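None of the figures in this text is laboratory data; all of them are computed from the coordinates on show. Bear in mind the structure is a predicted one, so any value in this text is a computation, not a measurement. Positions of Cβ are generated from backbone atoms using ideal geometry, with glycine treated the same way; all protein chains shown enter the neighbour counts.
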Amino acid sequence: MNLNEKKSQQSSNKLNQLVNYISTLINDGKYDKALKEMEKFERRNPNDQNLKINKVGFLIDIGFNLNNLDLVKRGLKIGEETLNSQTANKDKASIYYNLANGYFSLFTLSESKSGIETIPQSRNLQKAKSCYRNAIELFDEYDFNLKKRLWVNYGNCLSVLGRKVEALYAFNNALSIGKNFSLAIGGRANCLCSFADISRQYGKQIYIEAYQAIKSIIDKPDLIDFGGIAAKQKFESVLKRIESLFKNKKELIKISEYVKYDSTQFSDFEKFYIDFCAKEKLFLNFHIHQEDCEAAITDPIFINEVITPIEDDETFYNLARYINQIKEDYAVARLLLAQSQYKREDFDRIGKRTTFVYCLDYSKFNLYVGLLKSSFKESYNILDKIAVFINTYCNLGLEEDKIYFISIWEKKKNEKIRDELLKYKNISLYALYDIFLDFKSGYYKKIQNIRNTLTHRKLVIYDYSLSEVDEKDNIGYYAMLNETIELLRLTKSAIIYLINFVNNNENRKTKAGPTLPGYVDTSQFL
């Protein structure tokens, strides 16, 4: 190592020591001292590019904890300016991560206390979501420590937006990097509580498991190291809320036991179907710990009740028909996907009864590919049916044959969410609106392109690995498979948000006066 290299290494080590020192001061709650140390180093080294990158995060963290909007905004301004001058993906990823934290902090400090209806109207939350996604795209696979924090913060952002099912996926990604990461364990447990009430017979177990998960991390050092004292206080309040739901507190320390499903009577395809769908998390439930039990392979969620006048015996069943149709379509889309992945001789024989021309270009046209395409179309169409349900349930008065998922939320293009929907103050309804905003922003442009091509033109699937739908309407097979699985997961999330919206809204009505319990038959006449 020559003299210049040695000096450069010493300078880098010094900066790393400073970064770690300032980070320690922030974690210890010494925010003013951290700010002074950063500014002192900056005066001595005004042109240090590495400090500029770290300064963004420092200003935002210090500003948030001091409740100082000006510091947060200063960090955001520096971050936006610095971003344009960076070429290395790692540096860009770090800046995007800090910008996301900054916009999330702005929402928390300046908007969150004004009421839940600020959430679907917040530009700061949308910017935070977008920056987290940009950071995820760019982060080095080997930067594990920062990446697990990124997934947790992204999960927290989705959770605030109401998209708690997708937040669970984000927390699971963090746990795949660090299986004992306390913030991810606590965040996932907190999200699960949001859906206990629509999980029917498994709701109680979800609360118990969430309680035990949070209890296991509440005194761990890394909870405060990465989340600060505020994270511990937040999870302590969740523990108290769960405790208030149980008269017998001893139930909260019991180990939940689940009956494993008996696969001895399954056909080969049935076993494949269940294993495949459980692995891809395509069942409509929240049983996340064991894939080999009955609770993990069912779709129990449903609207619990609809509060109507005693003489009204039709409204519930009318809404139930909509939910039945949506769940039926989802089950069929899931089945079609599984069938497309299961090679069987009878399907081969059936498929060969249809003549296709081989076009000498590695394109694939056969029964299995057709099942994959049909799964995608069936899944996408569910979103429009969700919009029809919302129109009926919320009495929007729109013409049913002109309703689409991307057209129901705003009266005119580029306006805010309809006042009729905003007034519900329901986070699960806002989650559905946020999915629409992702379609509107182009985040789901690939999904829309595939759907439009399948519906109106031709989509040619090839053996080789195209990842996008190109201008000739071509896509690689595995890209199509992955897009179909992701669309099913999105549709699953949307169905859960819809049902949770109805249940939460109806639960509010029960507080206005007494109601009579109802019984519904769930028999299937096969």
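Odds and ends about this structure:
- In this simple spin-label approximation, E39 and K271 carry label points 7 Å from Cα along the Cα→Cβ vector, and these lie 6.9 nm apart.
- Within the chain, helix-based [θ] at 222 nm, where runs of 4 or more DSSP H residues each add -39,500 (n - 2.57), nearest 500: -21000 deg cm²/dmol
- Taking 19 Å as the straight-line reach from the Cα of K423, the aspartates and glutamates in range (excluding those fewer than 8 positions away in the same chain) are E111, E117, E410, E415, D434, E506.
- Exposure proxy ranking, count of Cβ atoms within 10 Å, fewest first, for R353, R241: R353, R241
- Annotation: amide H-H contacts under 5 Å for L396 (H modelled 1.01 Å from N, sequence separation of 5 or more, or interchain): none.
- Centroid-to-centroid separation of the stretch 410-448 and the stretch 355-382 [C-alpha atoms, Å]: 31
- FRET efficiency, 1/(1 + (r/R0)^6) with R0 51 Å, evaluated for R349 and L69 via beta carbons: 0.15
- Spatial separation of Cα centroids for the stretch 22-55 and the stretch 188-256, in angstrom: 36
- Residue pairs, from the table K148/K509; K92/K425; K402/K446; K385/K440, whose Cα atoms sit over 29 Å apart: K148/K509; K92/K425
- For the stretch 62-172: rounded, prolate or oblate by the Cα gyration tensor [a/c cutoff 1.5]: oblate
- Simple label model, 7 Å out from Cα along Cβ direction - L15 to N507, nm: 5.0
- Amide N of the stretch 120-153 lying under 15 Å from the label point, which is placed 7 angstrom from the Cα of A230 along Cα→Cβ: 125, 153
- A cut-off of 5 Å between modelled amide H atoms, ignoring neighbours fewer than 5 places along the same chain, links G476 with Y462, L466, S467, E468.
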